[in-house]
Amino acid sequence: MPARHSSWGCNPMATILILCEYPTLCGGERSMLSTLDGVRAAGFEVVVAAPPAGPLAGALGEMGVEHVPFSTTGPDGRRRSQPRLRSDLDGLLGRYRPDALHANSLSMGRLSGPVAAEGGVPSIAHLRDIVRLSRQAVADLNRHRRLLAVSRAVRESHVAAGLDAGKTYVVHNGVDLARFRPRPPTGYLHAELGLAPKTRLVGTIGQICLRKGQDTLVEAAAALAERFSDLHYLIIGRRHSQKRESVEFEARLRGASQQGPLAGRLHLLGQRNDVDRLLSELTLLIHPARQEPLGRVLLEAAASGMAVVATAVGGTGEIFPPHGNSARLVAPGNPTALAGAMGELLSDAERRSALGQAAQARAEAAFGLDRAAAALVAHYRHLLQ
């Protein structure tokens, strides 16, 4: 296939086509959206190829970002074949002739690597997951000119599997420090839930799935139920997977909210758009993930000055390094350890305050949105040289 461009980077307003797989607004989509203002301010035009309808499409419309329909599933909801998707993508690149392609996920990176390489389109794939890669997946991803991992943990995992170390870089996600900041609690969440103003709230935020470990929090909370009778627990997020194991996982969480020691004290609130305000209503933010490339909610909680208890997995230690004393980290899948850390902090307001202040300082020093957008822009410019 002949190259579509003979001289890259000559266009004073280069166009980046960002390729997204899902219609939802999970961490990868939100992280991508958060950089777009900075990318456009740096002189790039942005076009996003994504499913035609859904929360992501709505957000793109609100931001005034051009949205090109691209769906990995057919009318029957089944994923279309890889050859068909690659053919569609090749046609899309031919019609829009972007100066560069940015695949916003590992899956889209694998799909687009051979298409971009054979079409002569400079491309980047974003690696936002720690998963086992097949040899073919590694080969497909290595067709990109650059690979961006959201943490050192992600980079190390995939380089060990065969990704080209020389083209794989770390670009941490950023957080909007103006939106996520310490706020005095207002009690609005207590009013919504019909709780007494002095009731303390402990929350976890993230997609409902085994990987996020909400079941570990439920076990830890049950162990603390008698000791801290004033506590209510919030599970914020929704389940996206339709797999049987995921459906049953959510059902078990809902069961714990209706019977047993947490009956009436465990609240599943679904997906929320007020996380920036909601965080300030919590006494503790718990992140009991079994694996976490770089938890976006951890950045948001840190910027908000929250005391955090999280599991020491994936990139979490890069957000809260051991020497910083900015969060309490415990082993994953260990409800006893989690309950111990929660109990210590719930009993020590001074310690919670110190952790929150250190976390906020860490977020301001290393994870500002401007810093993340500037890093991405630098990679775009290198790509187009």
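The values are calculated or read from the model by the stated rules, or taken from the named source; none is laboratory data. All of these numbers come straight from a predicted model, not from anything done at the bench. Every residue, glycine among them, receives a Cβ derived from its backbone with ideal geometry; neighbour counts consider all protein chains shown.
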Before we move on, is Thr73 closer than 20 Å to Leu56 by Cα and of a type in the set (Val, Ile, Thr)?
yes
Given the options Val121, Val115, Val138, Val131, name the one that is out of contact with any strand residue (DSSP E or B) (no Cβ under 7 Å at 6 or more places or on another chain) and either part of a loop (DSSP other than H, G, I, E, B) or at pLDDT below 95 (or both).
Val131
For region 87-112, give me the residue count where each residue is more than 26 Å from the chain's Cα centre (by Cα) and either part of a helix (DSSP H, G or I) or not assigned by TED's automatic domain parsing to the domain that holds Tyr22 (or both).
9
Please work out which residue is farthest from the chain's Cα centre (by Cα), limiting yourself to region 19-43 and to residues that are part of a loop (DSSP other than H, G, I, E, B) and farther than 14 Å from Ala375 by Cβ.
Gly43
If I filter region 39-47 for residues that are modelled with pLDDT of 95 or more, out of contact with any strand residue (DSSP E or B) (no Cβ under 7 Å at 6 or more places or on another chain) and crowded, with 19+ Cβ neighbours inside 10 Å, do I get at least one hit?
no
Show the residue pairs meeting these rules: Cβ distance below 6 Å; 6+ apart or different chains; first residue within region 116-127 and under 18 Å from Met32 (Cβ atoms); second residue assigned to a loop (DSSP other than H, G, I, E, B) and among the polar types (S, T, N, Q).
His126/Asn104
Checked Ala374, Ala302, Ala339 against criteria (touching a Lys or Arg at 6+ places or on another chain (Cβ under 7 Å), in a helix (DSSP H, G or I), aliphatic (A, V, I, L, M) and in contact (Cβ under 8 Å) with a residue 40 or more places away in the chain); the one match is Ala302
For region 281-289, state whether one or more residues are touching a Lys or Arg at 6+ places or on another chain (Cβ under 8 Å) and among the aliphatic types (A, V, I, L, M).
yes
Would you confirm, using the coordinates I've provided, whether Asp88 is in contact (Cβ under 8 Å) with a residue 60 or more places away in the chain and either closer than 18 Å to Arg143 by Cβ or not β-branched (Val, Ile, Thr) (or both)?
no
Please work out if Glu292 is surrounded by fewer than 22 Cβ atoms within 10 Å (Cβ to Cβ) and either at pLDDT 95 or above or charged (D, E, K, R) (or both).
no
Please enumerate the residues belonging to region 220-233 that are buried (at least 18 other Cβ atoms within 10 Å of the Cβ) and not hydrophobic (A, V, I, L, M, F, W, C).
His232, Tyr233
Cβ contacts < 7 Å: first residue more than 20 Å from Gln357 (Cβ to Cβ) and in contact (Cβ under 8 Å) with a residue 24 or more places away in the chain, restricted to region 314-334; second residue part of a loop (DSSP other than H, G, I, E, B) and acidic (Asp, Glu), any location; separation 6+ or different chain. Result?
Gly314/Glu292; Gly315/Glu292
Return a yes/no flag: does region 64-79 have any residue that is in a helix (DSSP H, G or I) and under 25 Å from the mean Cα position of the chain (by Cα).
no
Looking only at region 262-275, filter to residues that are closer than 29 Å to Ser304 by Cβ and surrounded by fewer than 14 Cβ atoms within 10 Å (Cβ to Cβ); which one of those is farthest from the chain's Cα centre (by Cα)?
Gly264
Being among the acidic types (Asp, Glu), under 26 Å from Val46 (Cβ atoms) and not assigned by TED's automatic domain parsing to the domain that holds Glu318 narrows it down to one of Asp129, Asp76, so name that one.
Asp129
Residue, nearest to Gly237 (Cα to Cα), within region 305-336, restricted to residues that are of a type in the set (S, T, N, Q) and part of a loop (DSSP other than H, G, I, E, B):
Asn334
